[in-house]
1. Looking at Leu28, is it among the aliphatic types (A, V, I, L, M) and more than 24 Å from Leu219 (Cβ to Cβ)?
2. Determine whether Ala4 is modelled with pLDDT under 95 and either crowded, with 21+ Cβ neighbours inside 10 Å or of a type outside the set (S, T, N, Q) (or both).
3. Taking Gly78 as the residue in question, decide whether it is surrounded by fewer than 16 Cβ atoms within 10 Å (Cβ to Cβ) and either in contact with a Ser or Thr (Cβ under 9 Å, 6 or more places away or on another chain) or farther than 12 Å from Val159 by Cβ (or both).
4. Could you check, for the range 51-61, whether at least one of its residues is farther than 19 Å from Thr241 by Cα and either acidic (Asp, Glu) or out of contact with any helix residue (DSSP H, G or I) (no Cβ under 7 Å at 6 or more places or on another chain) (or both)?
5. How many residues are over 19 Å from Phe207 (Cα atoms), among the hydrophobic types (A, V, I, L, M, F, W, C) and touching a helix residue (DSSP H, G or I) at 6+ places or on another chain (Cβ under 7 Å) if we restrict to the range 124-153?
6. If I go through the range 113-126 residue by residue, how many of them are over 15 Å from Leu170 (Cα atoms) and surrounded by fewer than 24 Cβ atoms within 10 Å (Cβ to Cβ)?
7. Residues that are at pLDDT 95 or above: list the helices (runs of 4 or more DSSP H) wholly contained in the range 138-254 that include at least 2 such residues.
8. Go through the range 121-139 and count every residue that is over 12 Å from Ile177 (Cβ atoms) and over 13 Å from the mean Cα position of the chain (by Cα).
Amino acid sequence: MTNASFTGKTALISGGASGIGLATAQRLITQGATVWIADIQDTLGQQIAEEIGANYLHLDVAKEEEWTSAVELIAGQGQGLHLLMNNAGIAIGGTLETQTTAEFLQTININLLGVFLGCKVCAPLLALSGGGSIVNVSSIWGMVSDPGAVAYSASKGGVRTMTKAIALDLADRKTQIRANSIHPGFTATPMVVGSMGEMEPEEAAQFAARTIERVPLGLAEADQIAAAAVFLFSDDSSFMTGSELVIDGGFTSA
C-alpha cells in the first residue's frame, strides 16, 4: 500500500457499491479521503456507505444529467473534487454470432459512454479544485480478447485509447488533471463470478480453461487491483498520464 495521505481530498467512485470500486473506496478512506460511492444499487450502496464511512449517491453512468446532478451535489458540499474513478461496468458475453445489437449498445453505453461522461462532466470541478487524478477501469480484454467478449472488448478497448486522448487534452489545457487506465485481469468480483454463473456448465468450464486457469498467479482479490488504482491517485504517480497499468497476474505475458 502506498503511504500517501489523501486527507483533504474528495473522491467519486462509480460502481462503488461492490468489487474493485468498493475496495478502492475502503483504501482511500483509511488514508484520509472523503469518498462518494455512486451506483444504481441504492439499498446496497447506502448500506455499504454507512459501514465504511462513505457518502452515497445514485448514478446511472450512461445518463449525462445524473452525472451533472452528482457533481452539483458534491460541489454544493464545498468539498471540491480531486479523484475520479470510472469503475461502473457490465459484462454480457457473446460472440459475433450470438451477441445481440441491444446487448452491444447497452455495453457501450455503460462501459464506454459512461467513462466519457464521467470525465467530461467532472473535469471542470477537478480543475477548479486545483487538479487531480482520473482512473478509468478498462480490462485485459481491452488489450487482448476472447471469442465470447465481442461487446465487452469493444467497450474496454475504447476506454484504453480514449483515456490517452483525454489525458493529452487535459495536459494541453493545463488543467493539472492526470488520466490513466487500469487493466485488471480475472478478479474475484460479483461481475466475474456472476458472469460465469450465467453460463451453461460446459460453457463455463471451457471459458475457465482458456482464461482463469491460465493465469500464472491465479485469481486476484479486489484489493490487489485497488492498490494499483490508489497508486495512480497518489503523488507517487505524478509523472504518469495517459498510461495503462496492467494488473493481471501474468495472463497477458503467457
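1. no
2. yes
3. So Gly78 fits the description; yes.
4. Within the range 51-61, one or more residues are farther than 19 Å from Thr241 by Cα and either acidic (Asp, Glu) or out of contact with any helix residue (DSSP H, G or I) (no Cβ under 7 Å at 6 or more places or on another chain) (or both).
5. Here the count works out to 4.
6. 1
7. 150-172, 222-233
8. Going through the range 121-139 one residue at a time, the tally reaches 1.
The values are calculated or read from the model by the stated rules, or taken from the named source; none is laboratory data. Nothing here was measured: the structure is a model prediction, and the numbers come from that model. Neighbour counts run over all protein chains shown; Cβ positions are idealised from the backbone, glycine included.
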